[in-house]
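Peer 1: Handing you this structure, nothing more for now.
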Amino acid sequence: MFVLINPTTGSKLQHGGTLAEILFTAIAKYPERNAFANDEAVVTYRQLGAQVSRIAQFFDHLGLKPGDTVAQLGVNRYEVYAVIVAVYMRGLRSVTLHAMGSEADHAYVLNDSGARVVIADEYHSARVALLRARCSGVEHWISMGQATGCLEFNAAIAEFKEQPLKAYGDSETVVRLAYTGGTTGQPKGVMLTNRALVTNALLDLSTKDWPKNAKFLCVAPISHGSGSMVAPTLMQGGCVTLVRGFSVDGVINAINKYGCNATWMVPTMLYGLLDSGRTNEVDWSQFHSLIYSGAPASPARIRQALNFLGPVLVQSYGQTEAPNNILILGREDHVLGGDEALASAGRPYPSIRVALLNEKNEEVADGERGEICVRGPLVMSGYLNKPEETAAAFAGEWLHTGDVAYKGDNGLYFIVDRKKDMIISGGFNVYPKEVEDAICENPNVASSAVIGIPDPKWGEMVVAYVQLKNGCQLSEETVINEVRHAKGAVATPKRVEFVQALPLTALGKVDKKALREKHWAAHARAVN
């Protein structure tokens, strides 16, 4: 007799599959297509599968068990992604260190994550030598290339023959620890399950506008946000071109040589592309999608990009704790939405619930400002070893992003700024992004950053740092007058500093922490 069982919360009846299984489907479906292609290597899907199989067997040989952590430190190369897939396949946890991170940050992450294995390439052998003295919990140090005291990666995996690909775990298995940037304290290890990563890949595939024959250009480190675009590219039989470090020349050369028709950039990369004399060397009519995210973008510069590159822009908003895909402004929105739409972050992705909440976790009315809070299968499982921080992030059973926004009548969400970046000047709230957007309306401006610094009269003084386009000039008085006209006296900078280049983080975002540091350090010395 058939009996319908009502599953409990702990039942696995509704647990889904893994990201590794999805990638194995692509490997089986497109064996002779190129999965990766650049000046260093051309790798077919079949070859990628064979590499993943050997790496997974090597992990077995080392005695790794589900839940163990494998860390990597390397530049953009296909082997790094093959290791990631093998980690997912065995139900291990992948940690990818940022290649430009500090020794202290690397050591902290390795120790906090409990990494048993570190795999590094030859470019980071000096860093590995330093980390070995600080990370006694790491049992196996492996190098892609010769390095003193390390097992050589290629020789180690060559001992194993290709075996059928079989994934371990299910949708709730944590397979990735993605560490936050640590701008508000020590980095936090975001626990991401197969559920979150599969949701992210499916949303990328179904909602972003892809070309029929995807040739994705990775110009940012695949250790972070850019790497999330590899899976949806492979799921549709596309090819990934990896470049090591962003440069306009590298982007132009790769697009023209490998026929790349999609990419992802942070806004500062896009601005560099727009300001280059080589940008017109690309036939942008053959390019399909340029996805930008990771930091607020200036509407004025987005208009410039549309005019120069054509209707290729897609904006995506997310964060490490809900990777990449909370709000989207698609290609059509950029073209048909008008200037107002270009100032927005778009609308929620399918299956993602977004609410704007006040300090009491109550939803605010449309048009009012509140913190962006999220629910859905994309959301992390918490911070590793940090129960208090996890509880704060999940207050009211919402993921609190720390970003302040309002919702317009058209359903678009307009991000005002990070809560921690808000300036309180003379008792009034000033949102730096609004001031930055006003400054960037001037055609001479390449980029800007607005911060608050200690001031005995105002509490915090609004200060603008402005980077001009090459060969352009602008006066402090003009900037001040234009902001006052656009945003009023409260938001108007009391000081404007022109700089050759704004400081950037390792991920290419404007580093406001670096800009604030000297002012607040001087204030602390004066007070003491």
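The values are calculated or read from the model by the stated rules, or taken from the named source; none is laboratory data. Please read these numbers as outputs of a predicted model, since none were measured by experiment. Using ideal geometry, Cβ is built from the backbone for each residue, glycine included, and neighbour counts are taken over all protein chains shown. Surface areas here come from the heavy atoms of the whole protein model, side chains and all, with no ligands, DNA or RNA. Shrake-Rupley method; radii C 1.70, N 1.55, O 1.52, S 1.80 Å.
Peer 1: Could you go through the range 167-180 and let me know if any residue there is among the small types (G, A, S), buried (at least 20 other Cβ atoms within 10 Å of the Cβ) and under 21 Å from E389 (Cβ atoms). Before the answer, list the steps.
Peer 2: If we filter the range 167-180 for residues that are among the small types (G, A, S), which is where we start, we get 167, 169, 171, 178.
This time we only want the ones that are buried (at least 20 other Cβ atoms within 10 Å of the Cβ), so: 167, 169, 178.
Narrowing further to those that are under 21 Å from E389 (Cβ atoms): 178.
Yes, the conditions are met somewhere in the range 167-180.
Peer 1: Would the range 50-58 turn up any residue that is open to solvent by 30 Å² or more (accessible area, probe 1.4 Å) and out of contact with any Gly (no Cβ under 8 Å at 6 or more places or on another chain)? So that I can check it myself, show each step before the final result.
Peer 2: To start, the set of residues in the range 50-58 that are open to solvent by 30 Å² or more (accessible area, probe 1.4 Å) comprises 54, 57.
Then keep just the ones that are out of contact with any Gly (no Cβ under 8 Å at 6 or more places or on another chain); that gives 54, 57.
Yes.
Peer 1: Looking only at helices (runs of 4 or more DSSP H) that lie completely in the range 93-198, which have at least 1 residues being over 25 Å from F24 (Cα atoms) and of a type outside the set (G, A, S)? Spell out how you get there, then give the answer.
Peer 2: On the way: elements: 103-113, 125-134, 153-157.
Here the list reads 103-113, 125-134.
Peer 1: Quick one: would you say T263 is of a type in the set (S, T, N, Q) and closer than 25 Å to I328 by Cα? Spell out the reasoning first.
Peer 2: On the way: of a type in the set (S, T, N, Q): yes; closer than 25 Å to I328 by Cα: yes.
Answer is yes for this residue.
Peer 1: Sticking with this structure for a sec: Could you list, ordered by first residue, the pairs with Cβ atoms under 6 Å in which the first is in the range 25-49 and aromatic (F, W, Y) and the second is open to solvent by 30 Å² or more (accessible area, probe 1.4 Å) and not in a loop (DSSP other than H, G, I, E, B), at least 6 apart or interchain?
Peer 2: Listed by first residue and then by second, the contacts come to F36/Y78.
Peer 1: While we're here: Is one or more of the residues making up the range 411-427 on the phi < 0 side of the Ramachandran plot and over 26 Å from the mean Cα position of the chain (by Cα)?
Peer 2: yes
Peer 1: Something else about it: Restricting to strands (runs of 3 or more DSSP E) lying wholly in the range 203-300: which have 2 or more residues that are in contact with a helix residue (DSSP H, G or I) (Cβ under 6 Å, 6 or more places away or on another chain) and either touching a residue at least 60 places away in the same chain (Cβ under 8 Å) or open to solvent by 10 Å² or more (accessible area, probe 1.4 Å) (or both)? Steps first, answer last, please.
Peer 2: Numbers: elements: 215-218, 239-242, 262-265, 289-292.
In the range 203-300, 239-242 are the strands (runs of 3 or more DSSP E) which contain 2 or more residues that are in contact with a helix residue (DSSP H, G or I) (Cβ under 6 Å, 6 or more places away or on another chain) and either touching a residue at least 60 places away in the same chain (Cβ under 8 Å) or open to solvent by 10 Å² or more (accessible area, probe 1.4 Å) (or both).
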